[in-house]
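Nothing in this text is a laboratory measurement; each read-out follows from the coordinates by a stated rule. Model, not experiment: these values are computed from the prediction. Every residue, glycine as well, gets a Cβ built from its backbone with ideal geometry; the counts of neighbours run over all protein chains shown.
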Amino acid sequence: MQLYDMPDARGHFGPYGGTFVAETLIEALEELRVMYERYRHDPEFLAEFAYDLKHFVGRPSPIYYAERLTKQAGGAKIFLKREDLNHTGAHKVNNTIGQALLAKRMGKPRVIAETGAGQHGVATATIAARLGLECVVYMGAEDVKRQAPNVFRMKLLGALWCLWKAAPRHSRMHSMKPCAIGSPISQTPSTS
Amino acid sequence: MRDWVTNISDTFYIIGTVAGPHPYPMMVRDFQAVIGIEAKEQMQEMIGRQPDAVVACVGGGSNAMGIFYPYIDVENVRLIGVEAAGHGIESGKHAAPLTANSPAGVLHGNRTYLMQDENGQIIETHSVSAGLDYPGVGPEHAWLKDIKRAEYVAITDDEAMEAFHTLCRTEGIIPALESSHAIAHAMKLAATMSPDQVVLVNLSGRGDKDINTVANLAGITL
């Protein structure tokens with residue numbers, strides 16, 4: 001029984017959180033909020049999520065007692081929760097699977113994501129391939145250069161990739177430039 | 001965002017961390033909570049109790065929320081988020097809004113603590129780790145700081161690099177540079193605790209993606 005109960009119905013964690021977006025996004029966020037409320041406790045949805053976490057990601061990730069690290073630090077025992085052993089190599093995939101399964105439930109054949117270093121982009125492209133969803137990943141021009149291996153991974157996974165020029169860092173969410181200035185590095189993936 | 005507005009009927013926007021407008025911070029936390037749910041069971045099985053402290057790195061904060069959330073109601077488990085101190089908090093070149101006591105503001109659809117100048121403009125951040133290089137933090141972390149349920153500290157680039165090499169050599173595990181921040185703090189913390197106490201670290205990712213960065217810093221071209 002969880003006593004801590006946050007956020008409130010409008011997404012506030014005390015004075016934080018909330019919904020500060022342009023009017024044009026309110027409808028989409030409201031649809032998402034309603035659908036997530038419908039599915040977050042739905043046994044069928046949760047079973048589907050658990051199945052992919054087990055069979056696709058390889059969960060549960062082990063906990064490992066780092067004995068030699070403990071000796072070096074000299075004191076309390078250090079244990080590691082091994083999210084690095086997940087498929088795609090990080091915790092990010094837990095979340096992209098959840099959201100992609102929700103997209104499928106909502107009847108959305110296309111997912112988009114923004115990525116800086118590329119890890120979230122790769123995790124999104126991965127589950128999009130697994131579920132046969134069209135995937136577009138937006139990335140800043142500078143990051144595309146710096147993260148060439150991740151850009152290639154996304155390409156291998158069939159993601160359509162868009163860059164936006166001269167976007168300041170941290171420009172996610174609000175100042176997205178149109179995709180037209182970028183160029184896809186692969187053919188449009190099939191959406192079978 | 002513009003893509004989403006234009007293609008709202010057939011498109012789902014996937015956010016990668018516990019930020020963005022409602023319901024994203026809650027939804028991403030819920031999906032990542034599998035980390036903490038498993039950890040509670042596994043710790044019980046391995047040592048017959050829960051750890052004294054749980055340590056995780058915080059950029060936006062999704063791996064930390066994932067392991068913290070199921071522990072929020074568990075008494076006597078310290079929750080410690082590790083931000084990126086970059087070149088040092090006092091240098092201003094960091095990505096640690098909580099540790100640096102940055103004021104609150106609005107970014108990416110939510111209100112939270114934000115690195116900003118006196119006019120409220122977002123300031124440039126720095127971390128050796130791309131995944132922690134973010135001027136804000138998930139709004140739930142801001143709340144957990146305020147209610148003092150979680151503590152937030154910061155680790156510099158140099159300390160994280162040292163922890164990266166230490167974990168490689170002592171355990172045969174190459175950690176992500178993000179996770180190396182958590183390892184660095186866990187080692188410091190463990191040294192102040194007794195051998196019968198336990199620190200659980202969320203090793204959020206592997207470091208294969210970072211070997212070019214590490215090599216470059218050492219003046220090596222791969």
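Remark: mean inter-chain Cβ contacts per residue of B:127-135 equal 3, using a 10 Å Cβ-Cβ cutoff to other protein chain atoms.
Here the protein assembly as shown carries DSSP beta bridges of which approximately 30% are antiparallel, counting only pairs with both residues inside. Computed on region B:74-222, the Cα convex hull volume stands at 134 Å³ per residue.
Using alpha carbon centroids, what distance separates region B:169-222 and region B:83-159, in Å? Cα centroid to Cα centroid, the span is 20 Å.
Can you list residues from other chains, or at least 5 along the same chain, whose modelled amide H is less than 5 Å from the amide H of A:E114? For A:E114, the qualifying residues are A:Y138. Pairwise Cα distances in region B:134-188 exceed 18 Å for 43 percent of all pairs. For the residues of B:33-40, the average number of beta carbons from a partner chain within 10 Å of their own beta carbon is 4. For region B:49-135, a/c is not less than 1.5, where a ≥ b ≥ c are the root eigenvalues of the C-alpha gyration tensor, and a/b tops b/c. That puts it in the prolate class. Helical runs assigned H by DSSP (4 residues or longer) give the protein assembly as shown a calculated mean residue ellipticity at 222 nm of -11000 deg cm²/dmol, each run adding -39500 (n - 2.57) before division by the residue total. A cut-off of 5 Å between modelled amide H atoms, ignoring neighbours fewer than 5 places along the same chain, links B:S129 with no other residue. Only Cα pairs within less than 10 Å get springs; with that Gaussian network setup on chain B, which residue of B:I80, B:I147, B:I174 has the largest fluctuation? Comparing B:I80, B:I147, B:I174 in the GNM, the peak value goes to B:I147.
Between amide H atoms placed 1.01 Å from N, distances below 5 Å from B:A154 occur with B:E83, all of them 5 or more places distant or on a separate chain. Just want to confirm a number: the relative contact order over region B:61-191, from Cα pairs under 8 angstrom separated by 6+ residues, in percent. Rounded, it is 26 percent for region B:61-191. Between B:M46 and B:I89, full extension at 0.36 nm per residue minus the direct alpha carbon distance yields a gain of 11.7 nm. Computed over chain B, relative contact order equals 20 percent, with contacts defined as Cα pairs under 8 Å that lie 6+ residues apart. Just B:G131, B:G16, B:G88 to compare: in a GNM of chain B, with alpha carbon springs under 10 Å, which one fluctuates most? Maximum among the listed residues: B:G16. In the protein assembly as shown the Cα-Cα distances spread across 20 Å bins starting at 0 as 29, 62, 10 percent of all pairs.
Tell me, which longest segment in chain B has none of the GluC sites (Glu not before Pro) that fall in DSSP loops with at most 12 further Cβ atoms within 10 Å? Value returned for the longest uninterrupted segment is B:119-222.
Averaging the sequence gap over all C-alpha pairs within less than 8 Å and six or more residues apart, then dividing by the number of residues, gives region A:81-147 a relative contact order of 31 percent. Pairs from the table (A:K145/B:K93; A:K92/B:K209; A:K81/B:K40; A:K77/B:K188; A:K77/B:K93) lying more than 21 angstrom apart at Cα are A:K145/B:K93; A:K77/B:K93. Using the Karplus relation 6.51 cos²θ - 1.76 cosθ + 1.60 with θ = phi - 60°, the per-residue 3J(HN,Hα) values for region B:157-166 come to 3, 5, 5, 5, 5, 5, 5, 4, 5, 4 Hz, with x marking Gly and Pro. In order along region A:85-102, the phi-based Karplus estimate (6.51 cos²θ - 1.76 cosθ + 1.60, θ = phi - 60°) of 3J(HN,Hα) comes to 8, 5, 3, 6, x, 7, 6, 3, 5, 3, 6, 5, 5, x, 5, 5, 5, 5 Hz; Gly and Pro are listed as x. Under the convention that each Lys and Arg Cβ holds +1 and each Asp and Glu Cβ holds -1, the size of the dipole of region A:1-83 around its Cα centre is about 880 debye.
If I model a spin label as a point 7 Å beyond the Cα along the Cα-Cβ vector, how far apart are those points for A:R68 and B:N216 in nm? Taking the simple label geometry, A:R68 and B:N216 are separated by 2.9 nm. Peptide B:81-91 has a mean shielding of 0, counted as Cβ atoms of other protein chains within 10 Å of each residue's Cβ. Backbone geometry of region B:95-105 corresponds, through the Karplus equation with coefficients 6.51, -1.76 and 1.60 at θ = phi - 60°, to 3J(HN,Hα) couplings of 9, 10, x, 6, 5, 7, 6, 5, x, 7, x Hz, x marking Gly and Pro.
Between B:V55, B:V199, B:V106, the GNM of chain B built on Cα springs shorter than 10 angstrom shows B:V106 fluctuating the most. Global size of region A:32-134: 16.8, 54 Å for Rg and Dmax (C-alpha atoms, Rg to one decimal, Dmax whole). With a ≥ b ≥ c the root eigenvalues of the C-alpha gyration tensor of region A:83-134, is it rounded (a/c under 1.5), prolate (a/b larger than b/c) or oblate? Prolate shape, in that a/c is at least 1.5 and a/b is the bigger ratio. Rounded to the nearest 0.05, what FRET efficiency do A:A148 and B:H126 give with R0 = 35 Å and r taken as the Cβ-Cβ distance? Could you check? Working from the Cβ atoms, E equals 0.95.
Taking 35 Å as R0, compute the FRET efficiency from the Cβ-Cβ separation of B:D208 and A:A9 and round it to 0.05. After rounding to 0.05, the efficiency reads 0.25.
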